[in-house]
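Structure, as structure tokens:
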Amino acid sequence: MTRITAPMGSWQSPLDADVIAAGAVHFHEIQSLGEDIFWLESQPQEQGRVTLMRNGQSILPPGFSARSRVHEYGGGSYLACPVGAYFVNFSDQDLYELDNGDGAPRRVTHSGKSERYADFCHVPDTSIAICVCETHNDDGITNRLVVIDLFDGEIKTLHEGHDFYAAPRLSGHKLAFVAWDHPNMPWDATLLYLAEFDRRERRLENVTIIAGGDGASIMEPHWGEKRLFYLSDESGWWNIHSLDCSFEASVSSILHEAHEEYGGPHWVFAAHTFAIINDDLLIARRIRQGEESLAIIKGDGTLTEWHSRAGSYDSLHWHESNHMLLCVTGTPERASRIEALMPSGEHEVIASAARLPQSEHCASVPETVMFESNGAAHAFFYPPTNPDYEGRTGERPPLLVTTHGGPTAMARRMQNLRIQYYTSRGWAVADLNYAGSTGYGTAYRRKLEGEWGIADVKDCEALVRHLVLNGLVDAKRCAIRGGSAGGYTTLAALTFSDAFQAGASAYGISDLEALAKDTHKFESRYLDSLVGPWPEAKRTYMARSPIHHSEHLACPIIFFQGGKDLVVPPNQSQLMVDALDKKGIAHAYVFYPEEGHGFRDANNIAHALRAEYQFLCQAFGIAPADTMLDIEVKHL
């Protein structure tokens, strides 16, 4: 078959933005109860509604969405237990019980939006559960651990006094849970508690700190039969530790010590990265230099590689009844899906996001890139891939560098149709794991402490230099995009660096000072470690904020913003738009009044993708094969 020769960046692609947006289904929080398998599934065609699935069928009536807003990012928003199935409804944040018949869900709590719930743990042989409760009132926001009666909604405080709580996990009468305080984020330092739970009085006794308190990040406590397993980065890596609780003078130890990551940052509740079969056998996701696989770890610390066919693994859950591991897997070539992995090596697909044959037809498979930037830095490089097209002789493709959020998130080897949308049109994409990213150990994650807006920007510049020197991209057509914290890195790179000629910011941060004054509780002290304590470090905040240095901006930028964003308020984008307009620099501003932090509606997702691509093509003088949108671009 003869390939069409056409300018790179302008190729016609079978990947349509509407189809991509409609297929942007995500799976979360796998649970099982007897033979039944439950999970949460986002529905972009229903304005981002999150429905509760059981054995492949939605059991959540229209009008309800299972999504908690604790910490604003939520997670841990449902509970499947012997006395029923319960979920947190997004619109009012109350807890509901699903009716097994045809009736509407029964409202368990009536908080009037003042209280939010997450991360449930059922107390066996009772109608009560333990969970995290976040209270919003005129006095501010408080977080605590509570017991909630699943019948009448009565709430009783179990533990309070810390700024944040997570992961209450019960075994018999022993309760483990995690807590931490400002200015720490959960990946900075947390405390692991162990207490005795009095079911009759619904209270805790003999509450003891058993780990943490020394700058270690403790996460994900899970019970075996007599042992408590948890993640700790005290060795410099998130490794699995175990504590034998069968006798009083128990001592914790690392189950398998390695320069590998077995966990990730706590942005959402109930993100399980390892599953317990018994006290002597675990299955865990491990990350080595950004590459993921599943491993079997025995009680004596012996590790065996078990599964590496996928590029990403999430929400690990051991299905006791059927003796199999359930998890969400993904690869660059195919959509994410829920798989059942058997000890024999066989596997079964339980659910899959919409399969797009055309995405497999022109899938760009990433190459792992390591380059020098104040030490080793990391990225995944996606070359332009379309079997129907080729570039002109000697032509180098335009480059789009993508910067993830967090900034403690990580670029992963999983299907990202936004990336494939570009590569199938003749662009090269580099998905950057800049300093501060997860997956490369605590030291790499902490390279961004006090250096946000500097170390990450240097990594962006170094990545472009590396790709240009190796003849992989066109040095004069380099763009950068990012959302949220990645939007800040994007705007900082465009302001304080000359490596890029265009950019796109989705709900990005432009004014660090404004963010320190106006954001939600969970992240209200995050900048203490990334920039410096406020207001003592005000000069640093001013020096690092793109909004105060618009005189350095000289290239086209497009902005995307949700009107209901409580994490990065709309004024962050509006300030930059006004500054560019005043300078006469080419820009566009796309505003979605009903969206929050991250777009969920399929129409908006598709529109934003088209608009971004069209804008960057215009900036580089590329004539795209796609039908042009009618978006207002000023000063182009």
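Name the long-range amide H neighbours of Ser171: under 5 Å, sequence gap of 5 or more, or other chain; modelled H, no Pro or chain starts.
The answer is Ala176.
Could you tally the net charge around Asp474, taking each other residue with its Cβ under 13 Å from the Cβ of Asp474, Lys/Arg +1 and Asp/Glu -1?
Summing Lys/Arg as +1 and Asp/Glu as -1 gives +3.
Report relative contact order for the range 121-176 in percent, whole number only (criteria: Cα-Cα under 8 Å, sequence separation at least 6).
Computed value for the range 121-176: 29 percent relative contact order.
How about Lys476: which aspartates and glutamates have a C-alpha closer than 17 Å to its C-alpha, ignoring those fewer than 8 places off in the same chain?
Hits, sequence-local ones excluded: Glu395, Glu461, Asp498.
Using θ = phi - 60° and the Karplus form 6.51 cos²θ - 1.76 cosθ + 1.60, what ³J(HN,Hα) does each residue of the range 257-265 get, whole Hz, x for Gly and Pro?
Going residue by residue, I get 7, 7, 7, 9, 9, 10, x, x, x Hz, with x marking Gly and Pro.
I need to check one value: relative contact order of the chain, counting alpha carbon pairs closer than 8 Å and at least 6 residues apart, in percent. Mind dumping the intermediate values first?
On the way: 1577 pairs, mean separation 70.4, N = 636.
Relative contact order for the chain comes out at 11 percent.
Using each residue's phi in the range 72-84, evaluate 6.51 cos²θ - 1.76 cosθ + 1.60 at θ = phi - 60° and report the 3J(HN,Hα) Karplus result to the nearest Hz, with x for Gly and Pro.
So the Karplus estimates, Gly and Pro as x, are 6, 8, x, x, x, 9, 8, 9, 10, 9, x, 8, x Hz.
Between Ser352 and Arg539, what's the calculated FRET efficiency when r is the beta-carbon distance and R0 is 60 Å? Round to 0.05.
Numbers: r = 52 Å, r/R0 = 0.86.
Efficiency for this residue pair is about 0.70.
Taking the mean number of other Cβ atoms within 10 Å as a proxy for protection, how do you rank 518-524, 586-592, 117-123, 556-562 from highest to lowest?
Numbers: 518-524: 17.6, 586-592: 20.0, 117-123: 23.9, 556-562: 26.1.
In decreasing order of mean packing, 518-524, 586-592, 117-123, 556-562 become 556-562, 117-123, 586-592, 518-524.
Could you compute the net charge surrounding Leu192? Neighbours are other residues with a C-beta less than 13 Å from the C-beta of Leu192; K and R count +1, D and E count -1.
For residues surrounding Leu192, the net value is -2.
Starting from the amide H of Ser65, placed 1.01 Å from N in the peptide plane, find each other amide H under 5 Å away whose residue is 5 or more places distant or on another chain.
It is Phe90, Ser91, by chain and number.
List the residues, sorted by chain then number, that are 5 or more residues from Leu629 or on another chain and whose placed amide H is less than 5 Å from its amide H.
For Leu629, whose amide H was placed from the backbone, there are no distant partners under 5 Å.
If you take every residue apart from Glu395 with its C-beta less than 13 Å away from the C-beta of Glu395, what net charge results, scoring Lys and Arg +1 and Asp and Glu -1?
It works out to a net charge of +2.
Output wanted: per-residue J couplings in Hz (rounded whole) for the range 334-342, from phi through Karplus 6.51 cos²θ - 1.76 cosθ + 1.60, θ = phi - 60°, x for Gly and Pro.
9, 6, 5, 7, 9, 10, 9, 9, 9
When the helices in the chain are scored as -39500 (n - 2.57) per DSSP H run of 4 or longer and the sum is shared across all residues, what 222 nm value do you end up with, to the nearest 500 deg cm²/dmol? Before the final figure, lay out each step's value.
Values: 11 runs with 99 residues, N = 636.
Computed mean residue ellipticity for the chain: -4500 deg cm²/dmol.
If a/c stays under 1.5 just call it rounded; otherwise compare a/b with b/c (prolate if a/b is bigger, oblate if not). Do that for the range 538-609, with a ≥ b ≥ c from the square roots of the Cα gyration tensor eigenvalues.
Cα axes put the range 538-609 in the oblate bin.
Check the straight Cα-Cα distances from Lys298 and name the lysines below 22 Å, setting aside those fewer than 8 residues away within the same chain.
Lys226
Enter the Cα centre distance for the pair the range 1-52 and the range 412-469, rounded to the nearest angstrom.
So the two Cα centres are separated by 23 Å.
Mind checking which lysines have their C-alpha under 25 Å from Lys521, skipping anything on the same chain fewer than 8 residues away?
Those lysines meeting the cut-off are Lys113, Lys156, Lys447, Lys538, Lys564.
Semi-axes of the equivalent ellipsoid of the chain: what are they in whole Å, largest first, if each equals the square root of 5 times a C-alpha gyration tensor eigenvalue?
After diagonalising the Cα gyration tensor, the semi-axes are 40, 27, 25 Å.
Fewest first, what order do His162, His361 take by the number of other Cβ atoms within 10 Å?
Ordered from fewest to most neighbouring Cβ atoms within 10 Å, His162, His361 come out as His361, His162.
Within 10 Å of each residue's Cβ, count the other Cβ atoms and sort His307, His71 from fewest upward.
His307, His71
Read the figures in this text as sums done on the coordinates, not as results from a lab. This is a predicted model, so every value here is computed, not measured. Methodologically, a virtual Cβ is constructed for each residue, glycine included, from the backbone with ideal geometry; neighbour enumeration extends over all protein chains shown.
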